[in-house]
Amino acid sequence: MSGPFLWDERYAGEDYAFGTEPAAFLAREARRLAKGQAALMLADGEGRNSVYLAGRGLKVTAMDASARGLEKARALAAARGVAVAFQRADILDWDWDARAYDAVIGIFMQFLAPPERARVFAGIARAVAPGGLVMLHGYAPRQIAHGTGGPKAPENLYTFELLRGAFPGWEVLALRDYEAELDEGSRHVGRSALIDFVARKSSA
């Protein structure tokens, strides 16, 4: 997987590599989340998504491995006047059993090879409280042909089968495979092949 130093370099500039506004997926799906709920934002980089949710009144924990990314995320939260519990951590070392969240959210975190991804998805399933949501957004395999962002390894990308299989028995609320024009900072620009996945854990 990509190490923190690579991401520190990517976030080194004063600009925000992926912009300061939330991913369109999150802005669209945030209606499913209520003020006061606890959300865990995974690998959130410079904080655009966690800061957005905090602005909507959620209690947000955001983790990332990049010290530089978190520095800029804290600056963005301060500029927006919101509080986010930022934590520096490697996603493979995250304690998924420390507490339960109403939502666990991962957006464009496709730096994980399949064995690592399986570990993380299993951890996410444990970290979501009964009745809570998993919300994932990323690239479909044909994104490689577009060349407008994301990993070059097709096995790191998402398919319907992969996502459904990772959360068996969960109620699927949204599952989309589509094309869209992204304009998110300097790193996500142009036509992109995207997948959305939102599912609810059983409350039993």
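The values are calculated or read from the model by the stated rules, or taken from the named source; none is laboratory data. Remember, it's a predicted structure, so these values are computed and weren't measured experimentally. Backbone-built Cβ (ideal geometry, glycine too); neighbour counts: all protein chains shown.
Every condition in (1) closer than 25 Å to Y178 by Cα; (2) of a type in the set (S, T, N, Q); (3) touching a helix residue (DSSP H, G or I) at 6+ places or on another chain (Cβ under 9 Å) holds for S66 except the one numbered (1).
When the criteria are applied in full, F25 meets the requirement of being touching an Asp or Glu at 6+ places or on another chain (Cβ under 7 Å), modelled with pLDDT of 95 or more, crowded, with 18+ Cβ neighbours inside 10 Å and under 20 Å from G149 (Cβ atoms). Total residues in the stretch 32-48 satisfying the condition of being crowded, with 24+ Cβ neighbours inside 10 Å and not hydrophobic (A, V, I, L, M, F, W, C): the figure is 5. When each of I144, I107 is tested for being at pLDDT 95 or above and in contact with a Leu (Cβ under 9 Å, 6 or more places away or on another chain), the lone residue that passes is I107. Among the residues of the stretch 145-165, not a single one is outside any loop (DSSP other than H, G, I, E, B), out of contact with any Lys or Arg (no Cβ under 6 Å at 6 or more places or on another chain) and within 18 Å of A24 (Cβ to Cβ).
Yes or no, residue by residue, for (1) at pLDDT 95 or above; (2) hydrophobic (A, V, I, L, M, F, W, C); (3) farther than 20 Å from G47 by Cα:
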{"residue": "P115", "(1), (2), (3)": "yes, no, yes"}
{"residue": "A129", "(1), (2), (3)": "yes, yes, yes"}
{"residue": "Y158", "(1), (2), (3)": "yes, no, yes"}
{"residue": "E171", "(1), (2), (3)": "yes, no, yes"}
{"residue": "E184", "(1), (2), (3)": "no, no, no"}
{"residue": "V198", "(1), (2), (3)": "yes, yes, yes"}
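Looking at the stretch 54-69 only, could you name the residues that are modelled with pLDDT of 95 or more, surrounded by fewer than 22 Cβ atoms within 10 Å (Cβ to Cβ) and either of a type in the set (A, V, I, L, M, F, W, C) or touching a Cys at 6+ places or on another chain (Cβ under 7 Å) (or both)? If the condition is that a residue be modelled with pLDDT of 95 or more, surrounded by fewer than 22 Cβ atoms within 10 Å (Cβ to Cβ) and either of a type in the set (A, V, I, L, M, F, W, C) or touching a Cys at 6+ places or on another chain (Cβ under 7 Å) (or both), then M63 is the only one that fits.
Put simply, of I107, I91 the only residue that is under 22 Å from W170 (Cα atoms) and among the β-branched types (V, I, T) is I107.
Annotation note: of R74, R99, R88, the sole residue that is touching a helix residue (DSSP H, G or I) at 6+ places or on another chain (Cβ under 6 Å) and basic (K, R) is R88. Looking only at residues in the stretch 115-144 that are touching a residue at least 40 places away in the same chain (Cβ under 8 Å) and over 17 Å from the mean Cα position of the chain (by Cα), the one that is surrounded by the most Cβ atoms within 10 Å (Cβ to Cβ) is Q143.
What are the residue pairs meeting all of these: first residue in the stretch 49-60, first residue farther than 21 Å from M109 by Cβ, second residue of a type in the set (V, I, T), Cβ atoms under 6 Å, and 6 or more apart or on different chains? What qualifies is G55/V82. Just give me the residues in the stretch 28-50 being among the charged types (D, E, K, R) and modelled with pLDDT of 95 or more, in sequence order. Result: R28, E29, R31, R32, K35.
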